[in-house]
Structures are given as structure tokens and as C-alpha cells.
Amino acid sequence: MIVRILTATSLLLAAPVAIAAPTKPKPVSAVVITNSREVQATEVAIGANGQTVRLAKPLAPNAQATLRLPKMAGCMVVVAAVFEDEATSEHSEFDVCKDRTIRFTD
């Protein structure tokens, strides 16, 4: 009986350590943008914390580029792209802490 009480007590004392708050994700400083479409991306922009960064030049079909992000407190960004065929792509909530590659596809 005492062994059961000691075991239960030790489990209760260890529980707060096992249920500790999740660690804060490390801020992301850059993402890789991949254009898997058959047409050129003429504009690519990423918005975070009220700031917007853009690719300096168009992104060719099946090409990729690295874009440095502004300093961010969180992980969510807005991604927008315009393509040569006048198609657009917008992701209003993209989590760069989970995936650091942004891929445009047909």
C-alpha cells in the first residue's frame, strides 16, 4: 500500500515537468521561394509585422530564391505573388516556423 502511494505521489510530482509549456519557436530570418509553375513570377512579396519584403527580380519557372525576412515576433506571414500569365497567389496565413519553403504550383 505504501509503495502505491509513493508511486502515485512521485507521478504527481513529475507531471508538471512533463506538461511544461512548449518552447517558443526560433525566429525565422529567411525563406526559400520555389516557382514550380511553367510561367515566371513577376512579383513576390511577403508581409510580416506590418513590413513587406519583395524579391528584387522576377522568379523564372522552376527556379528558387532565398528571401530575407524582417525581424518577426511570431511565425505567421502573408505571401502574395503575381505571375506572367496574370494569375495571382495569396496565402494569408503561412507559418514559416513549420515550413521555410514557399512553393508556387499550378
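The values are calculated or read from the model by the stated rules, or taken from the named source; none is laboratory data. Source: prediction; values computed, not measured. The area values use the complete protein model at the heavy-atom level, side chains included, leaving out ligands, DNA and RNA. Shrake-Rupley method; radii C 1.70, N 1.55, O 1.52, S 1.80 Å.
Could you estimate the translational diffusion coefficient of region 63-106 from the Stokes-Einstein equation, with Rh from the Kirkwood formula over C-alpha pairs, at 25 °C and 0.890 mPa s, in whole µm²/s?
Result for D is 207 µm²/s.
Taking all protein chains together, Asp106, Asp95, Asp85 sort by accessible area into Asp106, Asp85, Asp95, largest first [probe 1.4 Å]. Note on surface exposure: Thr66, Thr23 rank Thr23, Thr66 by accessible area, highest first, 1.4 Å probe. The orientation-averaged shadow of the Cα convex hull for region 30-77, equal to a quarter of the hull surface, comes to 3.3 nm².
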